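Notes follow the structure.
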Amino acid sequence: MNKFLNPITDWVSTKKGMWITIVAWLVLMITLSTGPTLNDYKVANFQSLPNNAQSIIADQKLKEYFPDDQGTPGILVFHNRTGDVNPETVQKILTGILDADIGGVDSVVDISQLPPSALEGFYSEDHTAMIIPMTLKAGLGSTDFAEINDKISEIGNDIAKEAGNMEFYVTGPAGIAGDTVKLFEQADFVLLIATVLIILVLLIVIYRSPLLAFIPLLATGIVYQVVNQTLAFMGAGGLELTSQTTSIMSILLFAAVIDYSLFVFSRFREELNHYDSKYEAMKYAMRATGEPVFFAGGTVLAAMLILFFADFRDYANFAPIFGTAVFVIMIASITLIPALFNLFGRKAFWPKVPKYGDAAEVKHGIWGPIARFVVNKPLISGGLVAILMVVSALNIVNLEFEFETVKSFPEDMPSRMGYEVVEQKFDKGEIAPSTLLVVSNEPIDELTAAALSEELTTYKEIASARISGQTENGEALRYSLALSINPYSTEGLDFMEQLRNEGDALLDNASIEGDLHFGGITPKLVDERNVNNADIYKIVVLETLLILVLLFALTRSWKMPIYMMATILFSYLSALGLGIFLVDVLFGFDAISTRVPVYSFIFLVALGIDYNIILVSRFIEERKLRKVKDALEVAISHTGGVISSAGIILAATFAALTTMPIADLFIFGFMVSIGILIDTFLVRGLLLPALILFFEKDR
């Protein structure tokens with residue numbers, strides 16, 4: 001690879017090449033910035049499941065047989081903490097909503113037309129709460145939901161305040177989707193500012209040089225704008241962009257660019273002691289670091305592209321977005337980053353300016369003594385780390401998943417507050433009823449329809465099974481199923497999967513020849529769980545094999561890649577086990593999203609292997625001149641400082657996700673931060689060197 005990289009980095013390291021590179025990047029950034037923006041093409045109604053998922057097929061069938069009834073359901077919640085809900089106030093709010101003629105509202109149940117016996121079904125048992133179904137028109141996205149919900153909430157809350165004892169909320173699928181959009185809109189800016197400030201402060205504290213903090217951030221800003229604008233053009237071409245994906249992408253971008261900047265300037269500083277010319281120093285710095293840095297980026301890119309093989313579309317959607325970001329970062333790592341450091345030269349390190357011939361050896365602080373201890377006592381250093389990591393990894397047996405998206409919202413979010421009222425006061429299934437579509441080969445009469453309804457309610461987990469529609473020819477029948485258990489719970493998902501598997505028996509008992517299709521939130525969550533579980537194994541196997549192949553190409557050894565990959569996988573399991581324990585003890589999360597283990601694996605393996613590559617590349621370089629033990633000591637001491645600094649900054653960058661008011665991203669950011677610290681200080685510094693000493697022999 002050096003035959004390809006050296007001519008590029010040698011040219012970038014010249015004065016002419018430096019200026020042309022910087023100007024080219026600035027021109028590219030400015031040119032792309034004249035085009036569309038990323039926010040113009042963010043989609044809110046992203047379909048996570050593949051088209052062949054049973055719940056997606058059910059949705060398509062429902063649209064086919066009931067094309068006019070495919071709006072998104074929502075729930076208007078009325079609550080009085082001190083007594084009964086006043087039906088006059090409820091009616092006043094409903095009238096206000098209907099009179100406002102809000103675009104996008106398809107229907108709201110008019111309780112004024114209902115007899116008292118029917119009206120009773122909308123009250124909670126103690127009459128302190130009331131729920132009124134509404135439906136938003138088909139084809140709307142979550143951004144539309146947010147605007148509609150805001151208008152409805154404004155009207156409802158104004159009237160409720162006049163009553164003095166009424167709380168009003170919009171919840172259900174429409175309310176939750178709308179609040180999700182608002183959460184990301186509010187949090188993205190905070191995330192960006194938090195990330196920049198964290199990186200700036202840490203760079204200044206660690207390196208005590210203002211320019212060493214400014215240069216990597218300048219490179220990051222340029223790359224960030226180029227990537228964002230490139231993705232905007234891809235969005236204009238049809239690529240689906242979601243807020244969650246772009247938020248995580250921005251963290252990846254900041255983390256990777258800063259990491260690679262640190263690796264480049266660390267070696268640049270070392271070479272400035274050996275060469276009077278900053279251009280010569282950068283030339284040889286990049287000859288040493290260009291391949292490992294570019295290769296590290298390549299492993300991250302490969303890891304992201306593996307996601308194309310995922311069936312869960314959230315993961316597959318990451319591939320082109322993250323792949324684009326990493327590709328641009330790789331190009332920047334061998335062009336823009338060295339050019340910017342070359343521009344400032346020795347001034348970049350002020351006040352500790354490296355001088356030609358001034359220091360034959362760089363002081364290595366604590367990593368010099370650590371390196372000597374590790375190479376002299378590999379059994380103690382590696383053994384203790386292995387024991388600690390085994391203990392933490394064993395905690396993955398306590399892994400439990402959470403499927404209630406709304407529970408990841410802030411406690412004062414309106415859709416969550418309304419959700420919790422419904423959860424406490426009504427059958428839990430009323431929060432998100434499922435839809436059962438029966439398609440028969442012949443018309444279904446009333447008695448048969450009633451028989452199926454009775455058959456369904458024999459399950460204790462089903463609170464009600466109401467007929468909600470039938471086609472004119474009578475051959476398609478639709479039921480609304482409200483569970484007696486939480487439709488977002490593991491128990492709810494298990495029951496829905498059981499019910500789906502028993503569909504043929506249900507039809508036989510009701511003497512119906514045809515097919516059953518289950519649609520709605522709970523069936524979708526069942527499919528998400530199944531698809532996600534299959535993708536975990538697929539991604540782990542494919543990513544491990546691909547990175548192993550790449551490491552074989554880099555190290556030209558069959559043993560070294562196995563050590564490197566084994567320690568990274570071990571580090572991931574340890575981080576996951578420790579993370580599960582800490583988020584429960586520290587933050588009260590006793591269950592996590594199914595996405596967190598997959599997201600964490602992707603980033604911990606892809607980014608963690610970078611540090612192993614930097615260490616092993618230096619070891620291989622030194623091994624040409626020294627014995628194994630001496631080469632490893634030099635590699636640990638020379639890379640320890642920059643890798644530990646990069647690890648701290650990388651961990652802190654992902655920790656910026658804890659500013660997000662969404663539990664999934666909070667937990668993901670926290671777990672990745674833990675994993676990076678484990679990998680930086682325990683795996684790369686102690687465990688991997690111990691393995692190398694045990695199995696690599698002098699020749």
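The values are calculated or read from the model by the stated rules, or taken from the named source; none is laboratory data. Since this is a predicted model, take the numbers as computed values, not measurements. Positions of Cβ are backbone-derived with ideal geometry, glycine not excepted, and every protein chain shown enters the neighbour counts. Surface areas here come from the heavy atoms of the whole protein model, side chains and all, with no ligands, DNA or RNA. Shrake-Rupley method; radii C 1.70, N 1.55, O 1.52, S 1.80 Å.
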Problem set entry | C-alpha long axis of helix 278-305 to longest principal axis of the chain, angle in ° | 30 degrees
Exercise. Using all Cα-Cα distances in region 301-356, what percent lands in each 5 angstrom bin from 0 up to the longest?
Worked result: 4, 19, 16, 12, 10, 9, 9, 8, 7, 4, 1, 0
Exercise. What percentage of all Cα-Cα pairs in region 229-274 are separated by more than 16 Å?
Worked result: 58 percent
Problem set entry | Dipole moment magnitude, nearest 20 debye, region 103-234 about Cα centre, only Lys, Arg, Asp, Glu C-beta charged | 900 debye
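If the viscosity is 0.890 mPa s and the temperature 25 °C, what translational diffusion coefficient in µm²/s does Stokes-Einstein give for region 571-661 when Rh comes from Kirkwood over Cα pairs?
Working: Rh = 15.4 Å.
Roughly 160 µm²/s, to the nearest whole number.
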Seminar exercise, completed: For region 366-412, Rg(Cα) over 2.2 N^0.38 Å is 2.09
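Over the alpha-carbon set of region 417-529, divide Rg by the Kirkwood Rh and report the Rg/Rh ratio to two decimals. Don't skip to the answer; put the middle values down first.
Numbers: Rg = 14.0 Å, Rh = 14.3 Å.
Rg/Rh for region 417-529 comes to 0.98.
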Exercise. When ligands, DNA and RNA are left out and all protein chains stay put, how many square angstrom of accessible area per residue does region 230-386 have with a 1.4 Å probe?
Worked result: 35 Å²
Problem set entry | Percent carbon-and-sulfur accessible area, the chain, ignoring ligands, DNA and RNA, probe 1.4 Å | 58 percent
Problem set entry | Around LEU550: net Lys/Arg minus Asp/Glu count, Cβ-Cβ under 14 Å | -2
Exercise. In debye, nearest 20: dipole of the chain around its Cα centre with unit charges on the Cβ of K, R (+) and D, E (-)?
Worked result: 6080 debye
Seminar exercise, completed: Quick calc, region 386-447, dipole around Cα centre from Cβ unit charges on Lys, Arg (+) and Asp, Glu (-), nearest 20 debye, gives 380 debye
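Suppose all protein chains stay in the model; what accessible area per residue would a 1.4 Å probe give for region 548-699, in Å²? Spell out each step's value before the answer.
Working: 4820 Å² over 152 residues.
Counting only protein heavy atoms, the per-residue value for region 548-699 is 32 Å².
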For this session: For region 1-51, state the average projected area of the convex hull of the C-alpha atoms over all orientations, rounded to one decimal in nm².
Result: 7.1 nm²
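Would you mind counting up the charge near LEU607? Only other residues with Cβ under 13 Å from its Cβ, with Lys and Arg at +1 and Asp and Glu at -1. Write down the numbers at each step before the final one.
Details: positive: ARG684; negative: ASP259, GLU543, ASP610, ASP679.
That sum, taken over residues with Cβ under 13 Å, equals -3.
Could you give the alpha-carbon Rg of region 101-166 over 2.2 N^0.38 Å, rounded to two decimals? Don't jump to the answer; show the numbers that get you there.
Numbers: Rg = 14.0 Å, N = 66, 2.2 N^0.38 = 10.8 Å.
Taking N as the residue count of region 101-166, the ratio is 1.30.
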Problem set entry | Total formal charge among the other residues, if their Cβ is under 10 angstrom from that of SER440, Lys/Arg +1 and Asp/Glu -1 | -4
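Just the Kirkwood number for region 69-199, please: inverse of mean 1/r across all distinct Cα pairs, in Å, one decimal. Working shown, then result.
On the way: mean 1/r = 0.0628 Å⁻¹.
Computed over region 69-199, the radius equals 15.9 Å.
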For this session: With unit charges on the beta carbon (Lys/Arg positive, Asp/Glu negative), name the residue among ALA177, PHE66, ALA393 whose Cα is farthest towards the positive pole of the charge dipole of the chain.
Result: ALA393
For this session: Using only alpha carbon pairs under 8 Å that are at least six residues apart, calculate the relative contact order of the chain and give it in whole percent.
Result: 18 percent
For this session: For region 283-431, state the semi-axes of the equivalent ellipsoid (square roots of 5 times the eigenvalues of the alpha-carbon gyration tensor), sorted largest first and rounded to whole angstrom.
Result: 47, 27, 19
Exercise. Lysines within cross-link reach of LYS161: Cα-Cα under 20 Å, excluding same-chain residues under 8 positions apart?
Worked result: LYS92, LYS151
Problem set entry | Scattering curve values for the chain, log₁₀ I(q)/I(0), Debye with Cα scatterers, q = 0.06, 0.11 Å⁻¹ | -0.43, -1.11
Exercise. Where q = 0.13, 0.14 Å⁻¹, what log10 of I(q)/I(0) comes from the Debye formula for region 192-263, counting one point per Cα?
Worked result: -0.42, -0.48
Exercise. Nearest 10 degrees, 0 to 90: what angle lies between the long axis of helix 628-655 and the longest principal axis of the chain (Cα atoms)?
Worked result: 30 degrees
For this session: Rounded to the nearest 10 degrees, what's the angle between the helix 243-272 long axis and the longest principal axis of the chain, both from Cα atoms, 0 to 90?
Result: 10 degrees
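Which order do PHE409, PHE294 take when ranked by solvent-accessible area (1.4 Å probe, heavy atoms of all protein chains), largest first? It would help to have the intermediate numbers written out before the result.
Working: PHE409 10, PHE294 30 Å².
Output order, biggest surface exposure first: PHE294, PHE409.
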Exercise. When we measure straight from the Cα of LYS63, which lysines land under 19 angstrom away, once same-chain ones fewer than 8 places off are left out?
Worked result: LYS137, LYS524
For this session: Would you work out which of ALA465, PHE518, LEU493 lies farthest towards the positive end of the dipole of region 406-533, given +1 charges on the beta-carbon of Lys and Arg and -1 on that of Asp and Glu, about the Cα centre?
Result: LEU493
Exercise. Can you give the Rg to Rh ratio of region 515-614, both from alpha-carbon atoms, with Rh computed by the Kirkwood formula?
Worked result: 1.11
Problem set entry | Farthest positive-ward along the chain dipole, Cα basis, beta-carbon charges - from PHE295, ASN51, ILE692 | ILE692
Exercise. Per residue, how much accessible area does region 90-162 show when a 1.4 Å probe rolls over the protein heavy atoms, in square angstrom?
Worked result: 51 Å²
Exercise. Could you state the number of Å between the C-alpha centres of region 538-613 and region 114-129?
Worked result: 53 Å
